[in-house]
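Single-structure report; data block below.
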Amino acid sequence: MSKNHFETEAIRAQLERSQFQEHSTPLYLTSSFVFEDAEEMRAAFSEENQRNIYSRFSNPNTTEFVEKVVQMEGAEDGYAFATGMAAVFSTFAALLSSGDHIVSARSVFGSTHTLFTKYFPKWNIETSYFDINKLEEIESLIQPSTKILYAESPTNPGVDIIDLELLGEIAKKHNLLLVIDNCFATPYIQQPIKFGADLVIHSATKLMDGQGRVLGGVVVGNSDLVREIYLFSRNTGPALSPFNAWVLSKSLETLTVRVEKHCENALKLAEFLENHSEVTKVKYPFLKSHPQFEIAKKQMKLGGNIIAIEVKGGLEAGKKFLNSIKMCSLSANLGDTRTIVTHPASTTHSKLSSDEQLAAGITPGLVRVSVGLEHISDIVQDINQALTK
């Protein structure tokens, strides 16, 4: 039997029905699971049989969610977390030892940057950054102790595109683990494993949920690596709750139609803003003016829902723009049904110094727009009135 299409799998991949023959997977709100006898319990804890023991380890709802993402990304195994940052931290903590080294794109989420620069050095784990516009420099940063090559694509918040195929070739050549944050693209738009990634991380809080309701994270990829992450997480406890897993699994059923509409709206807004007198720069992966347009077309099905714009007048103009927004939300989240406007320099990346912000492509007037599912005319009208003020 041939494999179903992406959107069919997202809907039809679910747990086997119980004795009640439910059509939709029910919630399994339980902290633990019971055993028939001592031998069954012993075999479960020794992993001689695959069954649920405790919801910090696994839960039917979490299992269903993870299995869907595994199928979507073309991975072997996965594990789900309470948040996206729990997924990022646990992945590195499980796979790295004191003395190891990371090579990372400079343009990463602010909290990830803080992990690399403030917390990991406590455990003698160092990070070297490469400029996303100078990928030829990556190999010069690799040391004998380098273990992981890490990147986001598209990047947060500048929506730059990194050539995943090139990263995959470099990682293979130097025997490194390639870890990609695929949050902005979702598995529908891009599957980094096809380009050589060993592990793929998502903040499921974003487009996977898509409605600003729950937090969640997931990592999928090579089964041996996931096994190490699972063992670390089983003991440290960053597990996803069954309720959030249930919500996220249901959300994946509509991922395709939601993401397609997000991208349609985002492209129309980007095209409008490209000709706006109060905007000095617009970056959107599927605009021909984007510096990495050809790479985006090679590895992405659609352009995503994030637009980066530079408001004419810098920091003060950016603040005035945000203060003039009426319909759109001012929030730090993204990937919501509702359009969200964020000023990264003063919010999501505010812990970075001015030099660090500029190195990551974050200028004082940069505004990140997470384009939602409202009617495009209403989105354009609100953004336009705020800019003209």
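We did not get these values from a lab; they are worked out from the coordinates using the rules stated. The structure displayed is predicted, hence computed values, not measured ones. Backbone-built Cβ (ideal geometry, glycine too); neighbour counts: all protein chains shown.
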### Query
Between Leu166 and Asn4, what FRET efficiency follows from the Cβ-Cβ distance if R0 is 35 Å, with the result rounded to 0.05?
0.65
### Query
What list of ³J(HN,Hα) values in whole Hz, one per residue of the range 173-181 in order, does the Karplus curve 6.51 cos²θ - 1.76 cosθ + 1.60 (θ = phi - 60°) give from phi, with Gly and Pro shown as x?
4, 9, 6, 9, 7, 9, 10, 10, 7
### Query
Along the charge dipole of the range 6-252, which of Thr155, Tyr188, Gly78 sits closest to the positive end, that is, farthest toward it, with unit charges on the beta carbon of Lys, Arg, Asp and Glu (+1, +1, -1, -1)?
Thr155
### Summary
For Val108, the net charge from surrounding residues (Cβ-Cβ under 12 Å; K, R +1; D, E -1) works out to -3
### Task
Be a star and scan the range 227-269 for residues whose amide nitrogen sits under 14 Å from the point 7 Å along the Cα-to-Cβ vector of Tyr54.
231-239
### Whole-number percent relative contact order across the range 106-181, with pairs defined as alpha carbons under 8 Å at least 6 apart
33
### Ala43-Ser350 pseudo-label distance in nm [points 7 Å out on the Cα-to-Cβ vector]
5.6
### Query
Tally Lys and Arg at +1 and Asp and Glu at -1 over the other residues with C-beta under 10 Å from the C-beta of Thr339: what net charge comes out?
-3
### Query
Any idea what the dipole of the chain comes to, in debye rounded to 20, about its Cα centre with Lys/Arg Cβ at +1 and Asp/Glu Cβ at -1?
1060
### Task
Just tell me which lysines come within less than 21 Å, Cα to Cα, of Lys173; anything on the same chain fewer than 8 places away is out.
Lys134, Lys147, Lys194
### Query
What number, rounded to the nearest 500 deg cm²/dmol, is the helix-based mean residue ellipticity at 222 nm of the chain, given -39500 (n - 2.57) per DSSP H run of at least four residues and division by all its residues?
-11000 deg cm²/dmol
### Query
In this model, which of Lys319/Lys351; Lys298/Lys326; Lys312/Lys351 are farther than 28 Å apart at the alpha-carbon?
Lys298/Lys326
### Task
Quick one: angle between helix 84-95 and the longest Cα principal axis of the chain, in degrees between 0 and 90, rounded to 10, please.
60
### Summary
To the nearest 10 degrees, the tilt of helix 242-252 (Cα long axis) against the first principal axis of the alpha carbons of the chain is 60
### Among Leu240, Cys263, Thr347 - extreme Cα towards positive end, dipole of the chain, charges at beta-carbon
Thr347
### Task
Please work out the Cα center distance from the range 226-305 to the range 53-110, rounded to the nearest Å.
18
### Message
If the elastic network links every pair of Cα atoms under 10 Å, which of Ile189, Ile53, Ile340 fluctuates the most in the Gaussian network model of the chain?
### Response
Ile53
#### Entry: Max mean-square fluctuation residue, GNM over the chain, Cα-Cα springs under 10 Å, options Pro26, Pro187, Pro154
Pro26
### Message
Helix 60-73 against the longest principal axis of the chain: what's the angle in degrees, Cα atoms only, rounded to the nearest 10?
### Response
50
### Query
Once you list every other residue whose beta carbon is under 9 Å from the beta carbon of Phe321, what net charge do they have if Lys and Arg are +1 and Asp and Glu are -1?
+2
### Query
When only C-alpha pairs under 8 Å and at least 6 residues apart count, what is the relative contact order of the chain, in percent?
18
### Query
What FRET efficiency, computed as 1/(1 + (r/R0)^6) with R0 = 25 Å and r the Cβ-Cβ distance, is obtained for Glu278 and Leu330, rounded to the nearest 0.05?
0.85
